[in-house]
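Report on the structure given below.
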Amino acid sequence: MNSSTPSAGVYANGNDSKKFKRDRPPCSPSRVLHLRKIPCDVTEAEIISLGLPFGKVTNLLMLKGKSQAFLEMASEEAAVTMVNYYTPITPHLRSQPVYIQYSNHRELKTDNLPNQARAQAALQAVSAVQSGSLALSGGPSNEGTVLPGQSPVLRIIIENLFYPVTLEVLHQIFSKFGTVLKIITFTKNNQFQALLQYADPVNAHYAKMALDGQNIYNACCTLRIDFSKLTSLNVKYNNDKSRDFTRLDLPTGDGQPSLEPPMAAAFGAPGIISSPYAGAAGFAPAIGFPQATGLSVPAVPGALGPLTITSSAVTGRMAIPGASGIPGNSVLLVTNLNPDLITPHGLFILFGVYGDVHRVKIMFNKKENALVQMADANQAQLAMNHLSGQRLYGKVLRATLSKHQAVQLPREGQEDQGLTKDFSNSPLHRFKKPGSKNFQNIFPPSATLHLSNIPPSVTVDDLKNLFIEAGCSVKAFKFFQKDRKMALIQLGSVEEAIQALIELHNHDLGENHHLRVSFSKSTI
């Protein structure tokens with residue numbers, strides 16, 4: 001069954017005329033989403049939790065006999081964000097992959113359908129959460145409701161810590177389910193753990209329901225989430241180990257923050273929180289975010305804002321078929337490129353923000369398509385999550401995993417026009433060194449760029465003019481107060497920033513200094 005045929009009794013006021021069926025693209029956006037292959041024992045609340053991070057869920061129709069459901073979002077924009085997010089990353093419910101596409105229906109009318117009471121109760125529970133009231137009792141099922149006395153504090157253990165997970169990453173992921181007030185990270189029994197306090201126990205409930213058992217990066221950094229016995233956290237310092245987002249006045253502390261005695265007892269730990277990366281193979285302790293120096297901590301985002309999370313995208317579980325390495329493919333197929341402007345070097349620089357690019361091949365007969373081979377499958381997933389859907393040279397770039405396991409170099413004498421390049425020995429790889437601080441500075445493309453390696457003689461105007469000559473409009477610029485080798489520059493759009501990064505990363509500024517450019521999480 002396809003998305004144009006929900007069960008009898010659902011009326012849709014969209015154009016479902018059969019004669020248009022063939023002409024219309026398979027996924028004309030709609031705020032109604034069609035979910036297939038849902039497990040037979042799944043609850044309404046679990047289906048709703050898939051949509052929650054992207055905005056308000058306004059209606060739900062479960063067709064359990066057909067293993068399908070229809071989910072209606074408050075806006076088409078929320079539905080588009082949700083589909084874009086789940087296209088590269090198949091969501092899982094009860095360990096089963098679930099498939100999401102746009103429905104042909106513009107809205108769900110389920111008023112007179114039987115069996116809608118549970119769906120309505122689950123939706124009311126969620127809207128109570130979103131409006132901040134706690135009228136959650138009296139629903140026909142207990143799944144979507146919060147137990148009395150449940151703590152707003154979650155205890156999070158991260159297993160299989162292949163890449164470092166920072167406090168910022170946790171904040172970014174968990175903020176999608178409500179306002180995060182405080183986070184404390186620590187290591188116990190050689191495991192990186194965190195305590196995270198929400199403004200409301202309901203948010204903790206939904207975050208646990210949606211995130212427990214998910215991976216932060218593909219096939220690694222698995223979240224194990226429980227409710228803490230603590231009902232409130234006492235944070236003394238705002239630094240890269242602990243943060244109270246309600247108090248920007250806290251000191252950073254000298255080195256390690258110490259714990260209150262009752263909290264130390266709760267951790268079963270001595271009075272010191274040890275480095276979160278002790279025991280993370282191959283990673284030195286975190287240096288913290290150089291980009292955050294001299295900048296204030298951003299205000300806590302509102303509960304359930306739109307989802308911009310990608311680097312730390314909570315990817316679906318991946319089965320590891322007896323492999324010792326990371327499963328999955330490290331080669332990406334990149335499509336819808338601008339054939340007149342794209343070069344192998346340009347793709348190398350752009351994808352190199354998210355991993356080390358070994359080879360690039362622009363297709364000889366179809367130059368809007370290219371293959372990009374990354375160092376490993378995690379880097380390929382990160383690059384795909386961050387770059388698919390971004391605009392480059394006037395076209396929306398698409399990235400998916402390729403069926404090819406490697407990019408072949410042309411045979412001798414084979415005509416190639418310089419479209420295939422091997423970058424495996426390039427000095428410009430950002431992630432060669434284990435524990436490099438570049439691992440902590442992976443952010444989605446943004447209009448603000450972080451510049452570093454600036455020689456002392458280069459002025460504000462020199463740098464502004466460099467970007468203006470590259471065709472950018474400069475909206476703001478600021479040197480770092482503590483370190484004039486670094487600066488932030490804000491350009492007219494994300495697309496401008498992507499193109500400027502490609503053109504100006506490694507630009508020779510003289511005095512043996514080459515400009516280093518990356519995306520910033522800060523704004524000026």
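When the residues of segment 342-360 are narrowed to those that are free of Cβ contacts under 8 Å to residues at least 60 places away in the same chain and not in a loop (DSSP other than H, G, I, E, B), which ends up farthest from Lys432 (Cα to Cα)? It would help to see each step written out before you state the result.
Our first condition is that a residue be free of Cβ contacts under 8 Å to residues at least 60 places away in the same chain; within segment 342-360, this holds for 342-343, 347, 351.
Keeping just the survivors that are not in a loop (DSSP other than H, G, I, E, B) gives 347, 351.
Numbers: Leu347: 18, Phe351: 15 Å.
Out of the qualifying residues, it is Leu347.
Count of segment 215-239 residues, restricted to those that are buried (at least 17 other Cβ atoms within 10 Å of the Cβ) and either in contact with a strand residue (DSSP E or B) (Cβ under 6 Å, 6 or more places away or on another chain) or under 24 Å from Ser330 (Cα atoms) (or both), is 14. Annotation: of all residues in segment 81-106 being assigned to a loop (DSSP other than H, G, I, E, B) and surrounded by fewer than 17 Cβ atoms within 10 Å (Cβ to Cβ), the one that is modelled with the highest pLDDT is Arg106.
Ala204 passes every criterion in (1) of a type outside the set (Ser, Thr, Tyr); (2) surrounded by 19 or more Cβ atoms within 10 Å (Cβ to Cβ); (3) under 22 Å from Leu248 (Cβ atoms) apart from (3). Across segment 435-453, the number of residues qualifying as out of contact with any helix residue (DSSP H, G or I) (no Cβ under 7 Å at 6 or more places or on another chain), open to solvent by less than 40 Å² (accessible area, probe 1.4 Å) and part of a loop (DSSP other than H, G, I, E, B) comes to 3.
Would you point out the residue of segment 188-201, among those that are buried (at least 20 other Cβ atoms within 10 Å of the Cβ) and modelled with pLDDT of 85 or more, that is nearest to Thr231 (Cα to Cα)?
Looking only at segment 188-201, we keep the residues that are buried (at least 20 other Cβ atoms within 10 Å of the Cβ), and these are 192, 194-198, 201.
Pick out the ones that are also modelled with pLDDT of 85 or more and you get 192, 194-198.
Numbers: Phe192: 21, Ala194: 14, Leu195: 11, Leu196: 10, Gln197: 8, Tyr198: 10 Å.
Looking at the filtered set, the residue picked out is Gln197.
Mind listing whichever residues of segment 467-524 are assigned to a strand (DSSP E or B), among the aromatic types (Phe, Trp, Tyr) and surrounded by fewer than 20 Cβ atoms within 10 Å (Cβ to Cβ)? Steps first, answer last, please.
Residues of segment 467-524 assigned to a strand (DSSP E or B): 474-479, 487-491, 508-510, 513-514, 516-519.
Cutting the leftovers down to among the aromatic types (Phe, Trp, Tyr) gives us 477, 479, 519.
Passing the criteria: Phe477, Phe479.
Considering only residues that are at pLDDT 85 or above and within 24 Å of Phe439 (Cα to Cα), look in segment 317-341 and name the one that is surrounded by the most Cβ atoms within 10 Å (Cβ to Cβ). First the steps, then the outcome.
Kept after step one, since they are at pLDDT 85 or above, are these residues of segment 317-341: 330-341.
In the following step, the residues that additionally are within 24 Å of Phe439 (Cα to Cα) were identified as 330-334.
Working: Ser330: 23, Val331: 20, Leu332: 29, Leu333: 18, Val334: 27.
The residue in question is Leu332.
Considering only segment 172-230, state which residues are among the aromatic types (Phe, Trp, Tyr) and over 23 Å from Gly51 (Cα atoms). Across segment 172-230, the qualifying residues are Phe186, Phe192. Within segment 377-388, is even one residue outside the structural domain of Glu496 (by the TED database) and open to solvent by 60 Å² or more (accessible area, probe 1.4 Å)? Looking for residues that are outside the structural domain of Glu496 (by the TED database) and open to solvent by 60 Å² or more (accessible area, probe 1.4 Å), one finds none in segment 377-388, hence no. Would you check if Lys432 is in contact (Cβ under 8 Å) with a residue 12 or more places away in the chain, within 29 Å of the chain's Cα centre (by Cα) and either assigned to a helix (DSSP H, G or I) or surrounded by fewer than 20 Cβ atoms within 10 Å (Cβ to Cβ) (or both)? Yes.
The values are calculated or read from the model by the stated rules, or taken from the named source; none is laboratory data. Since this is a predicted model, take the numbers as computed values, not measurements. So basically every Cβ, Gly included, is an ideal-geometry build from the backbone, and we count neighbours across all protein chains shown. When the accessible area is computed, the model is the full protein with side chains, heavy atoms only, and any ligands, DNA or RNA have been set aside. Shrake-Rupley method; radii C 1.70, N 1.55, O 1.52, S 1.80 Å.
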